[in-house]
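K.L.:
Got a structure for you, written out below as structure tokens; questions coming shortly.
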Amino acid sequence: MVALYTLTVFVGAGLVFLIQPMFARMVLPLLGGSPAVWNTAMVFYQSALLAAYGYAHVSTTRLGVRRQAAWHLVLLAVPLAFLPVAVPAAWPAPPSSAPLPWLLGLMAAAVGLPFFAIAATSPLLQKWFAGTSHRRAADPYFLYVASNAGSMLALLSYPVLVEPRWRLAEQSRGWMWAYGLLVLLTAACAVCLWKSPAPAAASAPAVPARLLPDRPAGRRRLHWAWLAFVPSSLLLSVTTYLSSDVAVVPLLWIVPLAIYLLTFILAFARRPLLPRPWLARALPLLLAPLVMTLNMKPSQPMGALMLLHLATFFVAATLCHTILAADRPPAAHLTEFYVWISIGGAVGGLFNALIAPVIFHSVVEYPLMLVLVCLADVPIGPRPWRSLLGELPGPALLALGTAGAILAVHASRLRADALTGGLLFAVPTLLCFLFSHRPLRFALGLAGLLLIGGLYENQQGQLLCARRTFFGIHRVMTDADGRFHVLYHGRILHGIQSLDPARRDEPLTYYARSGPIGNVLAAYGRGPAERIGVVGLGAGTLAAYAQAGQQWTYFEIDPTVLKLARDDRFFTFLRDAAVPVRIVLGDARLALAREPGAAYDLLILDAYSSDAIPVHLVTREALALYLRELAPGGRLAFHISNTHVDLEPVLAVLARDAGLTALTWADTDVASSERALGKAPSVWLVMARRADELAALTANGHWHPSRESRGTAIWTDDYSSLLSILRWQ
């Protein structure tokens, strides 16, 4: 019976974590690659999970486990009539004005019922097992370990095994058969429940005193939700921070999520492998140096920084979940326990996905959660404000002293390098660590240092403006020498402009006249009747190439980027362009589909430099759309500079499949004198229908036939594999 129930919970959890990325890939070409799509999907899944846990609690409470088992088998069988999972053929096209309600409706119609039924299975099977006469029925929480193990295995297997091997239609059919297996396994579990004698009430084990502390039940439930909220928010916070401020690496989100699931496995094991006192002592040892790095904002060594962030997250989440596991109620209240855990997790997701991007201009929720996690092991007293005031003086003096030192350094005009930052923050951080034996005082000390750390300006330059949207964090800065205005999306450079009036209209970085795109525009973008389209606005640098009589159109998904590019305090490329530049807001693929055919003589795709590669813009169907929009004799230019992803083989195979000619120029050997003037290394790939239409480029000797790699498959809306093109160096 233990093996059967464990296997069933394991399979169900795996199916939950497989359907999420699978359906997201299905809807991507319809709604585009907006991060708002992913955030909305996450909110949907967390809300559905909460509803499923609520159903498990109410149904078992009202019906009892034996009658409820029959009801749940019927619920599990209903989705079989609607599988395999797919976007309904009759579903209307997404509206351009309000696509998110459209997406919620689509998810509810396509995956809502099977997801709901599977999500409820884990707490229900634990409740069913507790209703048997098995000797381990009094503590069925070991099945929660199997649930998280199944989730983690599915999470890791999708990008490594599933996505590279099977197309979406094949994935969906395989998922359908696995769902059928789950229904059969669940039915077998129900039969075991019905055949097992009900445990006698008299033989029910006594509830240990440690599980029922002397405090109101309502406060205890809120404590469960709190212990679930902090790690859930911390998971999304550390993922956002690492992706935007440390390492722009595709698929990086998998690592924190796998760690998050692992902490549940460790915490709910029959014998927790990491003792709670050890975790409580280890947390300050990691938090102190982490807060120091958050204040200093170093970018190297990247590996050590990532290890510090992930190790801190692991210890913090394990501590919260270990406390949660230790406070779990007896099996009679199991489903209620999971309802409150799901409430905390859902609130954490809502806070990070929908609220934080609106109220914060940077990832403020990350240091906030680091402070709050210090209080995870602190009992809530009857008068918390009195405790707070009693602990405040020491941290307040520490923060004021640090602020004075930072202002003194800035006033003395000392260069804010790594040595200066280390001296500024090492002593206050050490003093703060001395508070670690008193968690509330330690938390207040960390909060003070993090608040004051905002006064410190390091060697990266002066921050002029920061804006945060669903699409990421945008910063406009001056460089360290005060010669350029620089636009960053996370850590990715998206354009610079010289502050020297004589060079103000000069295209720089990846767009320099001596680089690949400069060569393309010199050869094919000089005619007065040229129609040029650009996907990706950035600072609007390419508008410096515009000439009288031409028509220039930009496609940009983020309205905030447009506001920054049009703000004359920062960038003037759009204002100074020789012709009015048309801007189309929205996902490029959807926007291009609404354009008239043969509308462009040159189409520039500049959307592949970040960690979130818009896969739907690099498929056979996307290329067919670009060709439809390309006039006879027109060219496509792809900017494929990327530290971690090699897109050249993907595009080369697509070009061959479409019967096109493709050339690549990897302009990576940029002299130091050119770098000092603002030029950056870049890689560009151009395509045309005939080889002679690219003849003007081959003369300079830099352009070469685009490289294919053995085994690179053609990417389609039904198939892609980001893992296969990662650079592992």
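Bear in mind these aren't lab numbers, they're just calculated from the coordinates by the rules spelled out. Remember, it's a predicted structure, so these values are computed and weren't measured experimentally. Because the Cβ atoms are built from the backbone with ideal geometry, glycine has one as well, and the counts that use them run over all protein chains shown.
K.L.:
By average Cβ neighbour count within 10 Å, what is the ranking of 533-542, 423-432 from highest down?
P.N.:
On the way: 533-542: 27.0, 423-432: 19.2.
Highest-to-lowest ranking by the protection proxy: 533-542, 423-432.
K.L.:
Sorting H474, H437 on the 10 Å Cβ count, fewest up front, what's the list?
P.N.:
Details: H474 21, H437 10.
Starting with the residue having the fewest Cβ neighbours, the order is H437, H474.
K.L.:
Another question, then. How much of the DSSP bridge set in the chain is antiparallel, in percent, rounded to the nearest 5?
P.N.:
60
K.L.:
If you stretched the chain out fully between A188 and L723, how much longer would it get, using 0.36 nm times the residue separation minus the C-alpha to C-alpha distance? Don't skip to the answer; put the middle values down first.
P.N.:
Working: separation 535, 0.36 × 535 = 192.60 nm, distance 3.78 nm.
Separation in residues times 0.36 nm, less the Cα-Cα distance, equals 188.8 nm.
K.L.:
Something else now. Under 15 Å from the Cβ of Y158, count the other residues' Cβ atoms, weight Lys and Arg +1, Asp and Glu -1, and hand me the total.
P.N.:
On the way: positive: R25, R165, R167; negative: E163, E170.
For residues surrounding Y158, the net value is +1.
K.L.:
Let me ask you something else. Leaving out same-chain residues fewer than 8 places away, which lysines sit with a Cα under 23 Å from that of K195?
P.N.:
K127
K.L.:
Determine which lysines satisfy two conditions relative to K563: a Cα distance under 26 Å, and not lying fewer than 8 residues away in the same chain.
P.N.:
Hits, sequence-local ones excluded: K679.
K.L.:
Report, for the stretch 474-725, the % of DSSP beta bridges that are antiparallel, rounded to 5.
P.N.:
Working: 26 of 46 bridges.
Expressed as a percentage, antiparallel bridges in the stretch 474-725 total about 55.
K.L.:
Taking other Cβ within 10 Å of each residue's Cβ, how do S151, S133 sort, fewest first?
P.N.:
Placing the least packed residue first, the sequence is S133, S151.
K.L.:
Quick one: length gained pulling H704 to A3 fully straight, 0.36 nm per residue minus the C-alpha distance?
P.N.:
Extra length from H704 to A3 when fully extended: 246.4 nm.
K.L.:
Please give, to one decimal in nm, the separation of the simple spin-label points placed at D568 and A326, each 7 Å out from Cα toward the Cβ.
P.N.:
A separation of 6.3 nm, rounded to one decimal place.
K.L.:
Okay, moving on. Assign one of three labels to the stretch 519-622, namely rounded, prolate or oblate, based on the Cα gyration tensor with a ≥ b ≥ c the square roots of its eigenvalues; rounded applies when a/c is under 1.5, prolate when it is not and a/b is larger than b/c, and oblate otherwise. If you can, show how the numbers build up before the last one.
P.N.:
On the way: a/c = 1.69, a/b = 1.13, b/c = 1.50.
Because a/c hits 1.5 or more and a/b fails to exceed b/c, the stretch 519-622 counts as oblate.
K.L.:
Now, a different point. Which of rounded, prolate, oblate describes the chain, given a ≥ b ≥ c as roots of the alpha-carbon gyration tensor eigenvalues and a/c under 1.5 marking rounded, otherwise prolate only if a/b is larger than b/c? Write down the numbers at each step before the final one.
P.N.:
Values: a/c = 2.57, a/b = 1.37, b/c = 1.88.
It comes out oblate by the Cα gyration axes.
K.L.:
Here's something else I'd like to know. Cα gyration tensor of the stretch 280-335, axes a ≥ b ≥ c as square roots of the eigenvalues: rounded (a/c below 1.5), prolate (a/b > b/c) or oblate?
P.N.:
The shape class here is prolate.
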